[in-house]
1. Anything in the stretch 161-170 that is closer than 27 Å to Gln64 by Cα and surrounded by fewer than 18 Cβ atoms within 10 Å (Cβ to Cβ)? List them, or say none.
2. What's the total number of residues in the stretch 187-210 that are closer than 19 Å to Asp225 by Cβ and among the small types (Gly, Ala, Ser)?
3. If the requirement is being basic (Lys, Arg) and in contact with a Leu (Cβ under 9 Å, 6 or more places away or on another chain), which of these qualifies: Arg208, Arg138, Arg224, Arg232?
4. In this structure, is Asp175 touching a residue at least 40 places away in the same chain (Cβ under 8 Å) and either among the small types (Gly, Ala, Ser) or in a loop (DSSP other than H, G, I, E, B) (or both)?
5. Could you give me the residue pairs with C-beta distances under 7 Å whose first residue belongs to the stretch 214-226 and is at negative phi, whose second residue is open to solvent by 60 Å² or more (accessible area, probe 1.4 Å) and not acidic (Asp, Glu) wherever it lies, and which are 6+ apart or on separate chains?
6. When the stretch 73-96 is examined, which residues are found to be more than 43 Å from the chain's Cα centre (by Cα) and under 20 Å from Leu42 (Cα atoms)?
7. Condition check: open to solvent by 60 Å² or more (accessible area, probe 1.4 Å), farther than 30 Å from Asp225 by Cα and part of a loop (DSSP other than H, G, I, E, B). Does Glu155 satisfy that?
8. Quick check on this structure: which one of Thr200, Thr185 is under 20 Å from Leu140 (Cβ atoms), open to solvent by less than 60 Å² (accessible area, probe 1.4 Å) and under 25 Å from the mean Cα position of the chain (by Cα)?
Amino acid sequence: MTRVVVGTTWLVALVLDAVALVGAASPERCPSLCMCGTWYELQHASCTGRHLYSIHTGAPSTVQALDLSNNSISVLKNYELAEAGLTRLKYLNLSINAISEIDLNAFNGLSELTVLDLSRNHLYYLLADIFVPMKNLRILRLSKNNFNSHIPKLECPWLMDLSLDSCQISYVPMDMFNGLSHLRTLDLSNNLMIQLDITTLESLQFLRKLSIEGNPWSCDKLTRDLQVYLTRKNIQYHAVCAKSAEPKKFEKMVVYNPYVKYEKRRPSITSNSSIKKITKKHSAVVPTQENTIRCVNATDKAGFIKALDSMSPYWFFAIGFLLGSACGMFTCYIWLTKKISCCRGCRRRRIDAQRVSLLQNLWQFEDSTLNDTAISCPDTPPPPYREVMLRPGLYRSALHS
């Protein structure tokens with residue numbers, strides 16, 4: 001009896017252990033905030049648009065692809081992903097969040113991660129060694145962040161695809177890509193770069209595609225040298241400074257020589273008989289010379305017209321403005337000189353009139369006094385000529401008397 005009881009207890013224990021093992025081997029349940037399934041032969045959990053503030057969603061540890069995009073995650077702390085049991089991740093999407101800070105050891109334990117998407121966040125700075133623990137990382141998306149002057153100099157030699165488009169980047173340092181020696185695809189489009197030195201790309205020996213369109217390139221010698229370098233290295237890119245067929249205005253002067261054109265069109269003499277005919281008929285030479293002179297004059301006129309057409313209308317406006325201002329200054333000068341001379345003449349006339357009026361008053365006063373007291377005698381000598389002219393009233397009365 002006792003043997004039967006012991007046997008049954010052992011059997012029950014074995015069954016319970018088997019059930020426990022089966023339960024442990026069965027896949028974990030999908031959390032209520034996510035949708036689970038298979039995605040490119042990976043166990044996938046999609047938790048998008050759930051207003052999550054943390055990566056702790058209760059996703060099973062067997063998840064290999066996790067989508068946490070379009071949420072409100074702002075910080076990734078040290079060992080947070082490993083503590084959540086997400087060490088088997090190969091694909092992690094954290095785009096369209098509010099991530100502004102990532103600690104140095106935030107991705108520790110994710111040695112199998114291959115694709116990481118951190119685009120459309122609030123990142124403005126990244127530590128250089130932040131992706132070193134992920135030895136299998138191949139694709140990194142950092143698009144539409146605001147790095148500006150804090151461009152990340154990453155140390156990730158196994159990275160093959162890097163996206164830094166629309167990140168407000170205005171300048172790329174010379175040693176920016178020294179830690180990305182195996183990079184094959186680089187996206188720097190839609191930034192604020194004016195120039196990009198060739199030495200910046202010399203460390204990327206395996207680069208095969210470069211996206212640089214959408215930047216305000218200056219299209220100078222440095223940019224043209226960059227395009228020549230990319231063409232020589234067989235790197236796929238979109239030309240941003242295509243060389244125009246016609247030169248810009250005032251950039252290059254083209255000298256037109258009409259005689260060259262005439263020499264090209266002049267018929268060549270091949271046989272001796274033709275030479276004899278031309279030497280015999282001198283009258284046929286004169287009209288050809290006149291025609292050449294006419295052609296030269298016509299070409300000169302055409303060249304002058306083309307030169308006028310090539311000139312910008314702003315030059316004509318500037319020349320007209322200078323001529324008008326010069327004419328106006330000249331006329332103002334003439335008017336002012338006439339005005340000043342007229343004022344001086346009027347002033348002199350007024351002074352002379354005042355002097356004459358004073359003299360007339362003085363003469364009248366002396367005439368009244370002399371008529372009463374003085375009587376001219378016939379024996380007195382004649383007065384000086386000046387007194388006679390200045391005092392006509394006095395001497396006129398004496399003469400009449």
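The values are calculated or read from the model by the stated rules, or taken from the named source; none is laboratory data. Just so you know, these numbers come straight off a predicted model, no measurement behind them. Because the Cβ atoms are built from the backbone with ideal geometry, glycine has one as well, and the counts that use them run over all protein chains shown. Side chains included, ligands, DNA and RNA excluded: accessible areas come from the protein's heavy atoms. Shrake-Rupley method; radii C 1.70, N 1.55, O 1.52, S 1.80 Å.
1. Within the stretch 161-170, just Asp161 meets the criteria.
2. 1
3. On the way: Arg208 fails: in contact with a Leu (Cβ under 9 Å, 6 or more places away or on another chain); Arg224 fails: in contact with a Leu (Cβ under 9 Å, 6 or more places away or on another chain); Arg232 fails: in contact with a Leu (Cβ under 9 Å, 6 or more places away or on another chain).
It is Arg138.
4. On the way: touching a residue at least 40 places away in the same chain (Cβ under 8 Å): no; either among the small types (Gly, Ala, Ser) or in a loop (DSSP other than H, G, I, E, B) (or both): yes.
So Asp175 fails the test.
5. Asn215/Leu192; Pro216/Leu192; Pro216/Ile194; Trp217/Ile194; Ser218/Ile194; Ser218/Gln195; Leu222/Gln195; Thr223/Gln195
6. Listed by number, the residues that qualify are Ala82, Ala84, Gly85, Leu86, Thr87, Arg88.
7. Values: open to solvent by 60 Å² or more (accessible area, probe 1.4 Å): yes; farther than 30 Å from Asp225 by Cα: no; part of a loop (DSSP other than H, G, I, E, B): yes.
No, not satisfied.
8. Values: Thr185 fails: under 25 Å from the mean Cα position of the chain (by Cα).
Only one candidate qualifies: Thr200.
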